[in-house]
Every structure is written in structure tokens, then in C-alpha cells.
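The values are calculated or read from the model by the stated rules, or taken from the named source; none is laboratory data. On a predicted model such as this, the values are computed, not experimentally measured, just so you know. In this analysis, Cβ positions are derived from the backbone assuming ideal geometry, glycine residues included, and neighbour counts consider all displayed protein chains. Note: areas computed on protein heavy atoms with side chains; ligands, DNA, RNA excluded. Shrake-Rupley method; radii C 1.70, N 1.55, O 1.52, S 1.80 Å.
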Amino acid sequence: MKRKATIHGNVTFTPGDGVPIVIPEGPIEIEETEDSVILGWEQAQGVVGSTAMPRIQYDQYVEAGHIRPE
């Protein structure tokens, strides 16, 4: 089930072996599974960003206050 959350601070994801990419501050949608969380956001007007993040990394961002689920 999708839920809403907000990015506050520095949250990044690394596509493949690439350079970490910053997820912009603001509203996101999250969909949780047992071992990962899918994050979706508006990268720019009309451009949607999405990534899957390991559950442990997501939990660290939540604990630090950088991702705030509603």
C-alpha cells in the first residue's frame, strides 16, 4: 500500500555502480516491502523519479529524520 512521506535533508540513492543522486526535499510516495522500500517523487515538473532502497538504508534515513512518513 502506498503512503506519503516527506524528504527533509540529504537523501541519496545510487543507481547501479553510478554516482549517488540526491532525492529533492519535499513530498514523496513510499511503498514498503519486507526488505526494500520504493520511493517515488517529482524530479521536475512532469518528470517522475523512482528508486528502490534497501529497508535498512530507509530505516536509517527515517531514524535520522531525513525521511518522515505520514
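Observations on the model:
- Residue under evaluation Lys4, criteria (1) assigned to a strand (DSSP E or B); (2) surrounded by 13 or more Cβ atoms within 10 Å (Cβ to Cβ), criterion not met: (2)
- Across the stretch 46-68, the number of residues qualifying as open to solvent by less than 70 Å² (accessible area, probe 1.4 Å) and among the polar types (S, T, N, Q) comes to 2.
- One residue stands out among those in the stretch 7-36 that are without any contact (Cβ under 8 Å) to a residue 24 or more places away in the chain and under 14 Å from Glu70 (Cβ atoms): the one that is surrounded by the most Cβ atoms within 10 Å (Cβ to Cβ), which is Pro27.
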